[in-house]
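No lab work stands behind these numbers, since they all come straight from the coordinates. This is a predicted model, so every value here is computed, not measured. In this analysis, Cβ positions are derived from the backbone assuming ideal geometry, glycine residues included, and neighbour counts consider all displayed protein chains.
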Amino acid sequence: MSDTDLCFTPATELVSLVRRRKVSPLEITRAVLARIERVNPRLNAYCTVAAEQALGDARRATAAPKRGARLGALHGVPVSIKDLTPTKGIRTTWGSKIYEHHVPDEDGLIVERLRAAGAIVLGKTNTPEFGAGANTFNAVFGPTRNPWDPALTCGGSTGGGAVALATGLGPLAQGSDLGGSLRIPAAFCGVVGFRTTPGLVPVHPTPLAFEPWPVQGPMARTVADTALMLSVIAGADPRAPISYAVDTGTFTAAVRAPRLRGLRVAWGGGLGVTPVDDEVLAICHRAMATFGRLGARISDAHPDFGGIHDIVEVSRGLTMVARHEDKLPQWRAVMQDNLVKNIDYGLGLRASDIGRAERLRTELWHRVRAFFEEHDLIVTPTAAVPPFRIEDVYPKEINGKPMRHYIEWALLTYAFTVVGLPAISVPCGFTRAGLPVGLQIAGGWRAETSVLRAAAAFEAAAPWAHLRPPEPA
């Protein structure tokens, strides 16, 4: 196959090719690095490319079978790491001028697991400062552009990872998700992003080890690749106190037995919390016909998400204070404006505000839990709008309704963050302008396997992996 075809080959197939010695890790890595050199300057998916380290690791991976070494589940498969996650010997900036030249001396736990499984780390992908926002730009590296239209945003905050996947700059991408940071860029770029239950993928290091809001997780071009990566990074670790043990083989088994027949699937639309662009809503609603043809029992329903605006604003403000208040005295002038506003909002919260938000969240959880006693899955658009202008931090209006700030338009993804439920974004079509649209499939408590089965069934009926953005000019 050509180098370009190799760059777009799924991770599951690369694993098989490497094990059968049809292609070597070094050949794969060289092909992807060459493509990064050609494509990345136009789109800015990678902010740091660790070519020499990757080639060294690939040479060792190529020699491993000759030594009789045991091969890991991702042996020889390239992966990108979001620039919020520490990587030993590779610059990690968090997209901030504060850490512009920071080089960690140890890997984050998720990177440890990827390397232990044989993955080849290619480098770091771009993110907004400290991951705050759904448009990927920062003062260190500038903006990352949408591969389907470079004048538009790729989403965020795992925007660089999504662009890398869409353009063949690696088959797997590590990312993170607070309010939609795996799912929104996946939707905007035509790939897969999976936010899992907090604790399923352990996080270390982190200043807030007990925090349930942000999770780390997988992005890929196919559901099977997403499940494969999840099988490597999931499971308990004593350094992550909310992590828990799980049979990681169930994730790959789920996509080998895709199923929608008999499942009770709710179409949630805008969940009663946000307007949705008319074209996006229509495309996602049409996708429900595929669920019906595959035997799902479809209904129009969603939980009462009352109180979500207050829950999100308070919890996000509290998180930003806990993570970044100490930076304000020295660095306020160089920090992203929306980030500073979030911190200032959090500093203005009273204990009673926080207590009320937590009570609202608990009440919401019980309403959602009751909903999933009657339904197996709920489906919505991933993002309320198609990709918007790269100059805009967030869409200023949807169907004529003004958006107050950069969180309000992302409530479709935040809805499942606040109750800790697994939600995946998969491609489901294109707008008339040729822009990808993502479908969000969410499940009940710790229902990752159900979500993966459904996503794999939808993918089999409406495949997307062969669809590629135009080559950058």
| Cβ-placed point charges (K, R +1; D, E -1), dipole of the chain about Cα centre in debye, nearest 20 | 1280 debye
| request: Under 1.5 on a/c is rounded, so check that first for segment 42-145, then, if it is not, pick prolate when a/b is larger than b/c and oblate when it is not; a ≥ b ≥ c are the square roots of the alpha carbon gyration tensor eigenvalues. | output: prolate
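Could you order the peptides 61-68, 146-153, 449-456, 328-335 from most to least packed, using the average number of other C-beta atoms within 10 Å per residue? Walk me through the numbers on the way to the answer.
Working: 61-68: 14.2, 146-153: 22.2, 449-456: 24.6, 328-335: 12.8.
The packing order, highest mean first, is 449-456, 146-153, 61-68, 328-335.
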| query | Going by the alpha-carbon gyration tensor, a ≥ b ≥ c the square roots of its eigenvalues, is segment 331-409 rounded (a/c under 1.5) or, if a/c is not under 1.5, prolate (a/b greater than b/c) versus oblate? | reply | oblate
| Using the per-residue mean of other Cβ atoms lying within 10 Å as a proxy for protection, in what order, highest first, do the peptides 123-136, 71-84 fall? | 123-136, 71-84
| field | Sequence-separation-based contact order of segment 266-354, relative, with Cα cut under 8 Å and 6+ spacing, percent | value | 30 percent
| said: For a test of the definition: using alpha carbon positions, the gyration tensor, and the 1.5 limit on a/c, classify the chain as rounded, prolate or oblate. | reply: rounded
| Amide H to amide H under 5 Å from GLY155: which residues, 5+ apart in sequence or cross-chain, H placed 1.01 Å off N in plane? | THR136
| Across segment 69-81, in residue order, what do the Karplus-derived ³J(HN,Hα) couplings come to in whole Hz, using 6.51 cos²θ - 1.76 cosθ + 1.60 with θ = phi - 60° and x for Gly and Pro? | 5, 6, 9, x, 5, 10, 4, x, 8, x, 9, 9, 10
| Using θ = phi - 60° and the Karplus curve 6.51 cos²θ - 1.76 cosθ + 1.60, what whole-Hz ³J(HN,Hα) does each residue of segment 226-232 get, with Gly and Pro shown as x? | 4, 5, 4, 5, 4, 5, 8
| Taking θ as phi - 60°, what are the ³J(HN,Hα) couplings along segment 449-459 by the Karplus curve (6.51, -1.76, 1.60), each to the nearest whole Hz, with x for Gly and Pro? | 5, 5, 5, 5, 4, 5, 4, 5, 5, 5, 4
| said: Under 5 Å between amide hydrogens, which residues at least 5 positions from ARG264 or on another chain qualify, with H placed 1.01 Å from N in the peptide plane? | reply: ARG297, ASP376, LEU377
| note | Expressed to two decimals, segment 277-352 has a Cα Rg over Rh, using the Kirkwood radius, of 1.26
| note | Counting sequence-distant residues (5 or more places) and residues on other chains, those with an amide H built under 5 Å from that of GLY429 are VAL437
| When you count, for each residue, the other Cβ atoms within 10 Å and take the mean per peptide, how do 162-168, 340-346, 374-380 rank with the highest first? | 162-168, 374-380, 340-346
| request: Kindly count the pairs of lysines across segment 3-461 whose alpha carbons are less than 22 Å apart, treating pairs on different chains or eight or more residues apart as eligible. | output: 11
